[in-house]
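The values are calculated or read from the model by the stated rules, or taken from the named source; none is laboratory data. Small disclaimer: the values here were computed from a predicted structure and weren't measured. Ideal geometry is used to build each Cβ from the backbone, glycine not excepted, and the neighbour counts take in all protein chains shown. Surface accessibility is based on the protein's heavy atoms, side chains included, excluding ligands, DNA and RNA. Shrake-Rupley method; radii C 1.70, N 1.55, O 1.52, S 1.80 Å.
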Amino acid sequence: MKEKKKLSLPAWIFIGMFAGILVGLCFLKNPSFTATWIKPIGTIYINLLKCLVVPVVIFSIADGVINLKDLRRVGSVGVKTFVYYMLTTAIAIVIGLLVVNIFKGFFPALDNASLESLEYAAKESPSVMDVIVNIFPSNFLQPMVSTDMLPVIVIALLIGAGVLAAGAEGSMVGRAIKSVNAVVLKIMMMVIKITPIGVFCLMTDVVAANGPKIVGKLFLIIAVAYISYIIHLVVVYGLSVRCLSGMSPIKFFKGMAPAMITAFTTTSSNATLPLTNECVTKLGAKPEISSFVLPLGATINMDGSAIYQAVTSVFIACCYGIDLSIGDMAMIVLTATLASIGTAGVSGAGMIMLAMVLTSIGIPVEGIAIVAGVDKIFDMGRTALNITGDATAALWMSRIEEKKAAKKAAAEANA
Ligand code: ASP
């Protein structure tokens, strides 16, 4: 008898997403049903992922640092990764600004009455110096409890660096971290298995709740954001994997599809981390590199969020009838790059940081209310882009390390 071919997990995730769209369309007239009965199952899935985020980041980064074996190597990979992340983010913002300026003429200038009625209780967005100071924790446990990822990363880096610096005396702790990391990853794999169900439930709710009506109203600015996301994805990431990592972009995007769909539906880079890791490992990234580069990227590298902040700033300015100068645009590039570092890899964080960008160019923060209703739609695309950028860095850094190792081996053979 011929054995039945089992569908792979990525295939199931695809099926989950499309089934979610179809079922969501059926519930357009009754979104409260999906909100009451289907969305909570998606929330369970996200909760499970979220509760593992801190242990995954702490142990994978600490283990990644320990595996690099040499503090100088940690520094060199860290600096290169950081520069790559910042550069690609700045390029993303420039792409966003170029595209949004092409379409600027079509944006509505809202009348005063409707602008005055706007209410958006802006959460206090931190100043640039606050963002920097808050990276360094004053307490070991607090950031873990409040899932504050930048200080958590600093703690993980310190633990890893401490183990390396302690040498033989620290090796027992190093082995313990490796062992806990293996356990945490196994738990993650169990949760990953239910991704198709989570994706289905979340997608159903988004489609049923947002429907074509609200999307229609803001269709143009959503389209501008998505055009910019796609240009950045194809051109910048395509070129990056082709030229820096020597990989076919098609192979890369195919390999990344499960993580991209998961990011698209969970709208959280952190929650998607295990899938991103799984995909890049299958694409050939070195585990000790990706376990360091990916969690860092999920926290500080947000090209999609930066594009969103750039295009919506210009859109909101237009709605207020404000014309932005070149200086304002330069300010957007600077603040949106910083805002993307401060944006947590969780759902909706990009919108909170938008306040920082708007304030820097003197646009009323209440303007966020114009786009807040469809933030989820923006967030889906920007999160998918965010995690793809992290993956390109993991592949490039792995390639650099491979080349270095090959060079070293050749030099040793010749000696
Ligand atoms: N949801 C995004 C992420 O997790 C952050 C954002 O809201 O822009 O990457």
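Comparing mean-square fluctuations of E366, E169, E401 from a GNM of the chain with C-alpha springs under 10 Å, the top value falls on E169. Think of it as helices only: each DSSP H run of n ≥ 4 in the chain is worth -39500 (n - 2.57), and spread over all residues that comes to -25000 deg cm²/dmol at 222 nm.
A simple spin-label model places pseudo-atoms 7 Å from Cα toward Cβ; at K282 and M172 they are separated by 4.0 nm. Helix 287-300 versus the longest principal axis of the chain: what angle, 0 to 90°, nearest 10, using Cα atoms? Here the helix axis deviates by roughly 30 degrees. Across D323, D379, the residue with the most accessible area heads the list, and the full order at a 1.4 Å probe is D323, D379. Annotation: extensible slack from N139 through A19 equals 38.7 nm (criterion: 0.36 nm per residue apart, minus Cα-Cα distance). First select every other residue whose beta carbon is under 12 angstrom from the beta carbon of W396; then total the charges, Lys and Arg +1, Asp and Glu -1. Spelling it out: positives minus negatives among the neighbours equals +2. When the chain is treated as a Gaussian network with alpha carbon springs shorter than 10 Å, the biggest mean-square fluctuation among G327, G24, G348 belongs to G327.
To make sure I understand the rule: partners must be aspartates and glutamates, Cα under 17 Å from the Cα of K104, and not fewer than 8 residues away in the same chain. Which ones qualify? Reachable aspartates and glutamates: D323, D328.
Here the Karplus curve 6.51 cos²θ - 1.76 cosθ + 1.60, taken at θ = phi - 60°, turns the phi angles of the range 357-374 into couplings of 5, 4, 4, 5, 10, x, 9, x, 5, 4, x, 4, 4, 4, 9, 4, x, 10 Hz, with x standing for Gly and Pro.
For the pair L220 and W37 in one chain, pulling the backbone fully straight at 0.36 nm per residue adds 62.7 nm over the alpha carbon distance.
Heavy-atom accessible surface of S228, to the nearest 10 Å², is about 0 Å², with a 1.4 Å probe and all protein chains retained. Stretched out straight at 0.36 nm per residue, the stretch from K69 to I132 would grow longer than its current Cα-Cα span by 19.9 nm. Close amide-amide hydrogen proximity is noted between L283 and no other residue 5 or more places distant or on a separate chain, at a cut-off under 5 Å (H modeled in the peptide plane; Pro and chain starts excluded).
Once you reduce the range 35-73 and the range 326-361 to the center of their Cα atoms, the two points are 25 Å from each other.
Anything over 26 Å Cα to Cα? Flag those among K6/K376; K50/K251; K178/K282, in the order listed. Pairs exceeding the cut-off: K6/K376; K50/K251. Over the range 301-410, the pair-distance histogram of Cα-Cα distances with 10 Å bins from zero comes to 15, 40, 24, 11, 7, 3, 0 percent, rounded to whole numbers. Our summary of shape: the Cα atoms of the range 1-103 have principal axis extents of 56, 54, 36 Å, ordered from largest down, in whole angstrom. In terms of its alpha-carbon gyration tensor, the chain comes out prolate; a/c meets the 1.5 threshold, and the first ratio a/b outweighs b/c. Note on I322 and F82: with the Förster distance fixed at 51 Å, the Cβ-Cβ geometry gives a FRET efficiency of about 0.90. Each residue of the range 51-66 was assigned a 3J(HN,Hα) from its phi angle through the Karplus curve 6.51 cos²θ - 1.76 cosθ + 1.60 (θ = phi - 60°); the sequence is 5, 9, 4, 4, x, 4, 5, 4, 6, 6, 5, 4, 5, x, 4, 4 Hz, with glycine and proline shown as x. Other residues within the sphere of radius under 12 Å centred on the Cβ of G381, judged by their own Cβ, net out at -1 (K and R +1, D and E -1).
When the chain is treated as a GNM with alpha-carbon contacts under 10 Å, the residue of V163, V57, V280 showing the greatest mean-square fluctuation is V163. Couplings 3J(HN,Hα) of the range 227-244, computed from phi: 4, 5, 4, 5, 4, 4, 4, 6, 6, 6, 6, x, 5, 4, 5, 5, 7, 8 Hz, in residue order, whole Hz [Karplus 6.51 cos²θ - 1.76 cosθ + 1.60, θ = phi - 60°; x for Gly and Pro].
Evaluated over the Cα positions of the range 162-315, the convex hull gives a direction-averaged projected area, one quarter of its surface, of 11.8 nm². Modelled this way, with points 7 Å down the Cα-to-C-beta line, the labels at L158 and T359 are 2.7 nm from one another. In this simple spin-label model, placing a label point 7 Å from the Cα along the Cα-to-Cβ direction at both K403 and K29 gives a separation of 6.1 nm.
In loop segments of the range 192-285 as defined by DSSP, the trypsin sites (Lys or Arg not before Pro) with at most 12 further C-beta atoms inside 10 Å of their C-beta are K193.
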